[in-house]
1. Cut-off under 24 Å on the C-alpha distance; same-chain residues fewer than 8 positions from residue 233 excluded. Which lysines are left, in chain and number order?
2. If a paramagnetic tag sat 7 Å from the Cα of residue 396 along the Cα-Cβ line, which residues of region 179-201 would have the backbone N under 17 Å from that point?
3. Got the relative contact order for the chain handy, in percent, Cα pairs under 8 Å and 6 or more residues apart?
4. If you average the C-alpha positions of region 198-243 and of region 293-359 separately, how far apart do those two centres end up, in angstrom?
5. Counting only other residues whose beta carbon sits under 12 Å from that of residue 251, what net charge do I get with K and R as +1, D and E as -1?
6. Taking the Cα centre of each part, how many Å lie between region 367-416 and region 10-34?
7. GluC sites (Glu not before Pro) within region 352-404: which are DSSP loop residues with at most 11 other Cβ atoms inside 10 Å?
8. So what are the ³J(HN,Hα) numbers for region 100-108, from phi and the Karplus equation (6.51, -1.76, 1.60; θ = phi - 60°), rounded to whole Hz, Gly and Pro as x?
Amino acid sequence: MATETSVLAGIEPRAFWEHFEKLTTIARPPRHEEPVIDYVRAWGAERGYVVRQDDARNLFFEVPPTSGRESAPAVVLQGHLDMVCERQPDSPNDPAEGRIELVVDGEWLTANGTTLGADDGVAIAAMMAFVEDESSPHGPLQLLMTVAEEVGLEGANGLDGSLVGGTILINLDSEEDGRLTVGCAGSTDTWVKIPQPREPVGDGAASLTVTVSGGLGGHSGTNIHLGRSNAVKVLGRALREAYGTVPFRLASVVGGKSRNAIPRDAHAVVAVAADRESDLQSAIESAAASIRDAFAKTDAGVTVSVAPAEATGDAWTEAGTATLLDAIALVPTGPLAMSPDFDGLVETSTSLGEAITEGDALTLHSLTRSSNDSAMPEVIAGLDAAARVAGGNLEVKRNYGGWRPNLDSPALAAARRAFEQTFGEPPILTAVHAGLETAVIGARVAGLDMISFGPQIEAPHSPHERVSIPSGERFWRLLIGVLGELSKPAAT
């Protein structure tokens, strides 16, 4: 908790930040949330709430209304327990093991060398702090804490809709202060799998490791339009350009860690004739200079380096290497279309999130997003074509469709009133180019009236993640206002 020696000491709302700080000490990687599940279950049981859990491991807490608000519509507060566990390679901290070191930097809270977990720890902390606050009136509440959101919304996809006990759902996983979110993108995972022949590497070859690092990374949806480098694509470009001057053989390509994060790190092991080793290094360095110039204004820290590697036993043939480098070049990454409904919002994008070497095959794992479900087939067709041209195949997993805005929503009307009463100005209505569990839950529970909001969170899914401390206080005030407005007794 936020003790007097804590970096969060004295920051309001105190209870909210205390709960958030506690969550940063508990390991909660996707699919392995048991420690945090046990923690919040014990918290709910201590407070006397009925706690249920479905087969997907999602938790439901039944919170009775405050006095005089018994007839209000039941509201579900929803957020996810898991977090993306990214870290700098040299960091002593690791979110996957519950080691997050909090740092206050002016008006921002961040972590030392790792993701912070504000996505979506702020939701869980807000739920816990709100129901403990006896001064804030509310109607019947259900706290819905889902799991494995960061790996294809698996918890929401496995949700037992019969346990959802409300007609209104407030998702607390948005990341823009001053906005009410009313829609989101759907997503599809794809795997381009390309087998190519491998042969032994002779004694007269030198082995090198080519490494890409230093990029900003970030969320592959909300940050996809910022022109940041994709380490897998940078690696592929540098190698392909060098190959045109000095042929070599690829032994492996590995990059990316999280399917929904822009890759910051990637590396390849290559084998080249010993008398051409220095020529290859020069060719890669020449490509690296061009790449640095390309990202000088959007991702200036990205680097490409070459170092000696242990001798590799086998590698793809030169022809197979050329095919694989062509495939990396053909797989797109970045925005593909902009929204016609919201200025500056990406409608459709795809992000190459992982490169995996297994046996004789290279797999390129992408995550494609769109708020226009009808745009998805064209993107998938392009990826399928890239796989076929390279002699491979495409595996497709459709995760969920988009959440379409309902501007006539009663819950939205109440949230707008609460926002204006709290802050003296109207909110901005928006949609997000990312997956929100509302898209899945709304499809599984008919008739749910849904909105989403949250504090200002920047660079989620990367070690640069940070949350605005003042926006945390506004987020808290808005939550109190919205739940008060939704439960206000009807005028007589």
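Every number in this text was worked out from the coordinates using simple rules, so none of it is lab data. In this text, all values refer to a predicted model and were calculated from it rather than measured experimentally. Neighbour counts run over all protein chains shown; Cβ positions are idealised from the backbone, glycine included.
1. 193, 257, 297, 397
2. Those under the cut-off are 186-193.
3. 23
4. If you average the Cα positions of each part, the centres end up 6 Å apart.
5. -2
6. Here the two parts' Cα centres lie 32 Å apart.
7. Loop-located and lightly packed - none at all.
8. Once θ is set to phi - 60°, the couplings for region 100-108 become 10, 9, 6, 9, 8, 10, x, 9, 10 Hz.
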